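Chemist: Next up is a structure, given as structure tokens.
What follows draws every value from the coordinates through simple rules; no lab data is involved. Values in this document were obtained by computation on a predicted structure and should not be read as measured data. Backbone-built Cβ (ideal geometry, glycine too); neighbour counts: all protein chains shown.
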Amino acid sequence: MMLKSLNRWIILVGLLSAPFTLSAQTSQEREAQAASFLVQADDAYAKGDYQKAVEDYLLVVRTSGSKMNLSRAHLGLSLCYFYLSDTENAKKYILRVLEIDAQKEVSPLFHPQSYVDLFNEVKKESAGRLGPGIAAAPAEAALEAQAKPGVGEEQQVIPEGIREEQGGHFEMEVHFSAWSINPVKSTFEDTLTEKAANEIRDHVTDQLNAVGGGKLVPSSHEHSLSLDSQGSNYGFEVRYYPLGKRGSMSIGFSLEKTRIKLMMKGPVTQRYADGSAATVEGDAFVETNPLTANLSFRWDFVPSWRVTPYIVLGLGIGPLEGTAAYVYTGTYRSGSAQGSISGDETKTFDDLREEEEIELDRFILLHTALGVKGNIYKGLLLKAEVGFWDGLVLRGGLAYRF
């Protein structure tokens, strides 16, 4: 009789405890599934697929009862909507985070400053309406303790935006530029045109003496040569960001091909002691096409913005090779007689160095610029800048950051 009564009590206790056991198993399974959704969401977020990350974070919200998981999912949702430029939804999920933990803080070391400002704005607006956060129930706390990683284990969620900073360390770019010194040519015009005019006058005098067999003595001269310039540049650059996506400073190495041409045109007159004079129309140019290796430093103003301005400082060096040439045609008058005269001369930079007209054998390129870049699709960037490149440069480029 006693055995039958004992059996009945065992069966009754088993029946009464079964729902709690099933409930605990179901809760554990749901949290395990939620943790799996968090991993998927974090992975999509790290790849910049914010729409997919939103879908997976919402699955965590619908599945999990753990405040730790919910807080992280809501934080992930707020960041996704922030990068999707949906401020209202970003603020909505920041508020959800604060409803779970009113003391929650985010750091600009891990998040864009503009997101930190938005988070703090929502926190300030909701001050007084939120409590310190609801403590997890003992059973839930036990589940969260099981979900927390041990020492040395990697956490698969985004506690402070670490995953958002993955990648983005490298950038490759191709660019093309238009070059000129025309806006500041007055700084160089007198020196360059006087040099070209002297070369033309000396050549005219040598030619007249060779033809006439006499010794003309130059007395006075004048010229109206005007300076113009044109050029271009194209190059390939690899850039490194030490801090990845959240970093504003980067170091770039590039190979650059630059074409620089200075042109001088106008009349040149040489008068002689015997009263004769020669007037010619001169056309001179200096051209160089250096290939340089360049090192540059760039600072992006707001790295988290889709479109951000930046500044660049750089230096390049390469061999200095080129050509200087002139051609002229005109008239020589002596008394009532006159005759036509023409001539030309071309010299390489090596010739000029031998004649000690120039000394440099290296092309030094100084670069500083202000630019703007915009992310048009998942790391694909359009860039434009204006600056100094041993002259004025206007540049456009296409880059890919990964």
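Chemist: In whole Hz and in residue order, list the ³J(HN,Hα) couplings for segment 257-266 that follow from phi through the Karplus curve 6.51 cos²θ - 1.76 cosθ + 1.60, θ = phi - 60°; x for Gly and Pro.
Modeler: 10, 10, 10, 10, 9, 10, 10, 10, 9, x
Chemist: Right, something else. Which ordering of 307, 116, 372, 280 is given by a fewest-first count of other beta-carbon atoms within 10 Å?
Modeler: Arranged by neighbour count, lowest to highest, 307, 116, 372, 280 become 307, 372, 116, 280.
Chemist: Using alpha-carbon pairs under 8 Å, 6+ residues apart, how would you state the relative contact order of segment 268-364 in percent?
Modeler: So the answer I get is 29 percent.
Chemist: What do you get for trypsin sites (Lys or Arg not before Pro) in segment 276-349 restricted to DSSP loop and a cutoff of at most 15 other Cβ within 10 Å of the site's Cβ?
Modeler: 306
Chemist: Which aspartates and glutamates does residue 92 reach when only Cα atoms under 18 Å apart count, and residues fewer than 8 places away in its own chain are ignored?
Modeler: Within the straight-line limit of under 18 Å, residue 92 reaches these aspartates and glutamates: 55, 56, 101, 105, 117, 121, 125.
Chemist: Return the sequence-ordered ³J(HN,Hα) values of segment 381-387 in whole Hz as given by the Karplus equation 6.51 cos²θ - 1.76 cosθ + 1.60 applied to θ = phi - 60°, using x for Gly and Pro.
Modeler: 10, 9, 9, 8, 8, 10, x
Chemist: For segment 74-87, what does the Karplus curve 6.51 cos²θ - 1.76 cosθ + 1.60, with θ = phi - 60°, yield as ³J(HN,Hα) per residue in whole Hz, taken in order and with x for Gly and Pro?
Modeler: Rounded to whole hertz, the list is 5, 4, x, 5, 5, 5, 4, 5, 4, 6, 8, 6, 9, 5.
Chemist: Mind listing the long-range amide H neighbours of residue 110? Cut-off is under 5 Å, sequence gap 5 or more, other chains count too, H placed in the peptide plane at 1.01 Å from N.
Modeler: Sorted by chain and number, the residues that satisfy this come to none at all.
Chemist: Sticking with this structure for a sec: Mind listing the long-range amide H neighbours of residue 322? Cut-off is under 5 Å, sequence gap 5 or more, other chains count too, H placed in the peptide plane at 1.01 Å from N.
Modeler: Here 349, 350 satisfy the definition.
Chemist: Which of the lysines could a cross-linker bridge to residue 373, judged by Cα under 25 Å and excluding same-chain residues fewer than eight apart?
Modeler: The reachable lysines, counting only those whose Cα sits under 25 Å from residue 373, are 47, 245, 257, 383.
Chemist: Right, here's the next one. How would 305, 389 line up from fewest to most surrounding beta-carbon atoms within 10 angstrom?
Modeler: Ranked by crowding around the Cβ, least crowded first: 305, 389.
Chemist: Around residue 333, under 12 Å between beta carbons, what's the net of Lys plus Arg minus Asp minus Glu among the other residues?
Modeler: Its environment carries a net charge of 0.
Chemist: Also, quick follow-up: If you rank 170, 363 by fewest surrounding Cβ atoms within 10 Å, what's the result?
Modeler: Going from sparsest to densest Cβ surroundings: 170, 363.
Chemist: Decide, for segment 285-402, between rounded, prolate and oblate: order the square roots of the alpha carbon gyration tensor eigenvalues as a ≥ b ≥ c, take rounded if a/c falls under 1.5, and otherwise choose prolate if a/b is larger than b/c, else oblate.
Modeler: Note, shape of segment 285-402 comes out prolate.
Chemist: In addition: Relative to the present Cα-Cα distance, how much length would full extension add between residue 127 and residue 388 at 0.36 nm per residue of separation?
Modeler: Taking residue 127 through residue 388 to full extension adds about 88.9 nm, to one decimal.
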